[in-house]
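Heads up, the thing below is written out as C-alpha cells.
The values are calculated or read from the model by the stated rules, or taken from the named source; none is laboratory data. Remember, it's a predicted structure, so these values are computed and weren't measured experimentally. All Cβ positions, glycine included, derive from the backbone under ideal geometry; neighbour counts span all protein chains shown.
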Amino acid sequence: MIDYILLSIIQGLTEFIPVSSSLHLLIFSNILNIQISIFKLTSIHFGSLLALIIYYYRNRNYIIFFNNNSQLLKIILFTSLPIIAIGFLFFSNISNIMQNQKIFLIITTIFFGILLIIVDFLPTNTENDKKINNYKLFFIGFFQCFSLIPGTSRSASIIIGSRILKISPETSIMISYIAAFPVLLGAFTLSVYNYFISKNQILNNESFISVLIYIISSAIASYLILCLFYNKSKKYGLKIFGFYRVILGIFLIFYYF
C-alpha cells in the first residue's frame, strides 16, 4: 500500500504542473516495480478532481472567471471539443504507436520543455485576458490535443497555446485548471462504468479503504500544488518547468539507453 500512496502523492504533485503526471507515474512505477491498475489510477485522478473543486470553491471570489459563469462554461466547452474529437478518432492509434517507444517520451519531454522556456519570454498583454473569445479558446483546445502524445502534459500544452496568444501566465494556468474538470471527470466516470457496470466488480472493505487512502493522498498533494503553482509562477515564471523537463529528458536518455 505504501507504494501506491507514494504514486498517489507523485500524481497529485505533477497533475496540474506542465511536466506530465503520466510520465512520472510510469517512471516511478518502473522504479518501484509495481503495476498500477486502471481503476486505481483513475481513483488517484479523482483525488486531483476533488482538490480542484475545493480549490475553486475556496478561491471563487478571487478567480476572474467566476465573475462570469457563462465564460467559465465556454472555457470548459471550447477547450474540450478538440481533444474529445481527436481523442475519440485517433487516441488508440497514437497511443499504440508511441506508448512503447521510449524515444518519443524523450523527444516530447525535451521539446515541450524548450517550448515552455520560449513562451515564458513572450510579451504579455493583460488586455488579452479580458478578450478571450471562443476562437481563442478553441485554439487553446487544439493545443490541448498534443497532450494525447505520451510525455507531453495536458497542462503544458494548454499553457503553451495560451502564451502564444499573449495571455498572461497566471490566466494561462487558470485556463489549464478549468480545462482539467471535464478531462478528470470524464476519465473517472468511464473507469467507474467499466469497472462496476461492464465487469460487475465489487469493492470489498479492504479495497475500499485502500482506494480511499489513495484518493485522500492524491487530493492533499494536488491541492498543495494547485496553490503553489499559481502563486509561485508569478515569481519564478514557467521556464523553471521547461528546464526541469529538459533535465528529465536527459535523465531518460541514460535511464532507458
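How about the range 3-27: which of its residues are more than 17 Å from the chain's Cα centre (by Cα) and either β-branched (Val, Ile, Thr) or under 22 Å from Arg245 (Cα atoms) (or both)?
Ile5, Leu6
Can you find even one residue in the range 149-170 that is at pLDDT below 90, part of a helix (DSSP H, G or I) and either of a type in the set (Asp, Glu) or in contact with a strand residue (DSSP E or B) (Cβ under 7 Å, 6 or more places away or on another chain) (or both)?
Yes.
State yes or no: is Ile17 crowded, with 18+ Cβ neighbours inside 10 Å and either closer than 11 Å to Ser218 by Cβ or among the charged types (D, E, K, R) (or both)?
no
Between residues in the range 179-192 that are touching a residue at least 40 places away in the same chain (Cβ under 8 Å) and residues that are among the hydroxyl-bearing types (Ser, Thr, Tyr) and crowded, with 16+ Cβ neighbours inside 10 Å, which pairs lie under 7 Å by C-beta distance while being six or more apart or on different chains?
Final answer for the pair search is Ala179/Thr79; Ala179/Ser80; Pro182/Ser80; Leu184/Ser48; Ala187/Thr42; Phe188/Thr42; Ser191/Thr42.
Could you list, in sequence order, all residues of the range 222-257 that are basic (Lys, Arg), within 23 Å of Leu52 (Cβ to Cβ) and surrounded by 15 or more Cβ atoms within 10 Å (Cβ to Cβ)?
Listed by number, the list holds a single entry, Arg245.
Name the single residue that is surrounded by the fewest Cβ atoms within 10 Å (Cβ to Cβ) among those in the range 160-179 being among the aliphatic types (A, V, I, L, M) and over 15 Å from Phe138 (Cα atoms).
Met174
Being assigned to a helix (DSSP H, G or I) and touching a Ser or Thr at 6+ places or on another chain (Cβ under 9 Å) is the filter here; which residues of the range 27-48 pass it?
Going residue by residue through the range 27-48, those that are assigned to a helix (DSSP H, G or I) are 27-32, 38-48.
If the condition is that a residue be assigned to a helix (DSSP H, G or I) and touching a Ser or Thr at 6+ places or on another chain (Cβ under 9 Å), then Ile38, Phe39, Lys40, Leu41, Thr42, Ser43, Ile44, His45, Phe46, Gly47, Ser48 are the ones that fit.
What are the pairs with Cβ atoms under 6 angstrom where one residue, in the range 87-111, is at pLDDT below 80 and the other, located anywhere, is outside any helix (DSSP H, G or I)? Sequence gap at least six, or different chains.
From the range 87-111, the pairs are Met98/Pro150; Gln99/Pro150.
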